[in-house]
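Reading through the structure tokens given below for one structure.
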Amino acid sequence: MTRVFSGIQPTGDLHLGNLLGAVRNWVTDQHHNDSVFCIVDLHALTVPKSPGEVGAKTLELAQTLIACGLDPELCTLFVQSHVHQHAELGWILQCNASFGELNRMTQWKDKSGRQKEFVSAGLFTYPALQAADILLYDTDQVPVGEDQVQHIELTRDVAERFNSRYGETFVLPRAVVPTAGARVMDLQIPTDKMSKSAESDAGTILLGEELSRTAKKIKRAVTDSDNEVRWDPTGKPGVSNLLGILGACTGRDPESLADDYQQYGPLKSDTADAVVSMLEPIQARLEELRSDPGETNRLLAQGADKARSVAAPVLERTLTSIGLQPRA
Ligand code: AMP
Ligand code: TRP
């Protein structure tokens, strides 16, 4: 079976873009593949955090992912710091990645530039830990957004270098990027991706927000003034975004959906209804999970056991390839 691995940071709240562009694909994948999903709390530490912050966000993210349909019986869902092999292999891969390679990473350049007070060394070596996440599971496919492709390429390069230095050890993974239609844009600035770091939240739909707010945000979405409903992401980004969202929620093709509408008003209210009906059951499940955090913690502990049973032998294999003195 194909091994699929992806990771998500416990920072910020999940939004509709995360759901339609990533999490929904994971939910489908878990039925066909051997899927492993990791909440990468150690990666979250690359920018300064206050005590307890990452832990609280980790629980919340786990609850949200389960509410969205990740089923810990079908997939492996776990927390990175619960499986110590990640940090260990991370170190070894830091020693097999070059300074120059890491220095070329776009995310490093962006994030270190934005970080004013303190740029951690971990932010620089971040991709080596990400490579460890992936390689520990003999991963074939890594479903990620476009922005992560460079990190997956680096993972392959480091794995190939390691294999040629020490002998065949790692499976070479490849990135799987969802098709363009799965890109959800900001409702106020439809040329920007919907993002948790947007300046105002008027353009972002959070999965946990009050649904009356969700409907309002969609009804106030920026369109244009030519009053024609047509699929044209470049020329009509606002209208096309609504068609894209409605299409993603209803399983219809956005281009043909356009034929059903003459005016923006009905398109907006149908889109709002579709999003609200999609989020309603997710929120109901989230409420249940929040009322019993022990249950989620139990599922995460089980997930970590499953993850460890794959990761531990791969780390052992790696140490053997390098030829470190074995433990007596
Ligand atoms: P991020 O929120 O940037 O950490 O991304 C987590 C996952 O959600 C990644 O796989 C992204 O590619 C995906 N994602 C984030 N924002 C969007 C968006 N606006 N549309 C589609 N997918 C997104
Ligand atoms: N760097 C990824 C992001 O910012 C998160 C991540 C960490 C990841 N480890 C991973 C993604 C392994 C895929 C595979 O979105």
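Pairs Lys57/Lys216; Lys116/Lys217; Lys196/Lys219; Lys193/Lys216: which exceed 30 Å Cα-Cα?
Lys116/Lys217
Could you pull out every residue, at least 5 positions away or on a different chain, whose amide H is within less than 5 Å of the one on Lys193? Hs are placed 1.01 Å off N in the peptide plane, and Pro or chain starts have none.
For Lys193, whose amide H was placed from the backbone, the distant partners under 5 Å are Asp186.
Could you order Arg327, Arg114 by accessible surface area, starting with the largest, using a probe radius of 1.4 Å?
Arg327, Arg114
Order these peptides, 129-140, 185-196, by their mean beta-carbon neighbour count within 10 angstrom, highest first.
129-140, 185-196
Students sometimes get this wrong: rank Leu242, Leu172 by accessible area, probe 1.4 Å, all chains present, largest first.
Largest accessible area first, the residues go Leu172, Leu242.
Using alpha-carbon positions, what is the distance between the centroids of the stretch 40-71 and the stretch 125-175, in Å?
The two parts, judged by their Cα centres, are 23 Å apart.
Using only Cα atoms, tell me the angle between helix 293-322 and the longest principal axis of the chain; keep it within 0 to 90° and round to the nearest 10.
Result, in degrees: 40.
Compute the signed sum of charges (Lys and Arg +1, Asp and Glu -1) over the other residues within less than 11 Å, Cβ to Cβ, of Met185.
Its environment carries a net charge of 0.
Please turn the phi angles of the stretch 130-137 into ³J(HN,Hα) values with the Karplus equation 6.51 cos²θ - 1.76 cosθ + 1.60 (θ = phi - 60°), one per residue in order, whole Hz, x for glycine and proline.
Once rounded to whole Hz, the list reads 5, 4, 4, 3, 6, 6, 5, 10.
Run the accessible area of the chain with a 1.4 Å probe and give the carbon-and-sulfur part as a rounded percent.
51 percent
For Gly7, what residues show an amide H to amide H distance below 5 Å, using hydrogens built from the backbone and excluding near sequence neighbours?
The list, which skips near neighbours in sequence, is Cys38.
Mind pulling the angle between the C-alpha long axis of helix 85-94 and the longest principal axis of the chain? Nearest 10 degrees, somewhere in 0 to 90.
80 degrees
Can you give the convex hull volume per residue for the Cα atoms of the stretch 201-288, as a whole number of Å³? Intermediate results must be reported in sequence, preceding the final value.
On the way: hull volume 7.5 nm³, N = 88.
For the stretch 201-288, the hull spanned by Cα atoms encloses 85 Å³ per residue.
What is the Å³ per residue value for the convex hull set by the Cα atoms of the chain?
Cα-based convex hull of the chain, divided per residue, equals 150 Å³.
What net charge do the residues around Ala311 carry, taking every other residue with its C-beta under 14 Å from that of Ala311, with Lys and Arg at +1 and Asp and Glu at -1?
Counting the neighbours of Ala311, the net charge comes to -2.
When DSSP assigns beta bridges and you keep just the ones with both residues in the chain, what percent turn out antiparallel, to the nearest 5?
10 percent
What accessible area per residue comes out for the stretch 93-144, rounded to a whole number of Å², with a 1.4 Å probe?
45 Å²
Using only the heavy atoms of the protein chains and a 1.4 Å probe, how would Glu199, Glu60 rank by accessible area, largest first?
The ranking, largest first, comes out as Glu199, Glu60.
With angles folded into 0 to 90 degrees, how steeply does helix 149-166 sit against the dominant principal axis of the chain? Use alpha carbons for both and round to 10.
Between helix and principal axis, roughly 20 degrees.
Whole-Hz Karplus ³J(HN,Hα) for the stretch 117-125, in order, using 6.51 cos²θ - 1.76 cosθ + 1.60 and θ = phi - 60°, x for Gly and Pro?
Residue by residue, the stretch 117-125 yields 7, 8, 9, 6, 5, x, 5, 6, 8 Hz.
Non-local amide H neighbours of Arg174 (under 5 Å, H modeled in plane, Pro and chain starts lacking H): which ones?
Gln141, Val142
With θ set to phi - 60°, apply the Karplus curve 6.51 cos²θ - 1.76 cosθ + 1.60 along the stretch 191-203 and write out the HN-Hα couplings as whole Hz, x wherever there is a Gly or Pro.
With the stated coefficients, the stretch 191-203 comes to 8, 9, 5, 4, 8, 6, 9, 4, 5, 10, 8, 5, x Hz.
The values are calculated or read from the model by the stated rules, or taken from the named source; none is laboratory data. Everything numeric here is computed off the predicted structure, so don't read it as measured data. Glycine gets a Cβ as well: all are built from the backbone with ideal geometry, and neighbour counts include every protein chain shown. Note: accessible area is taken over every heavy atom of the protein model, side chains too, but ligands, DNA and RNA are not part of it. Shrake-Rupley method; radii C 1.70, N 1.55, O 1.52, S 1.80 Å.
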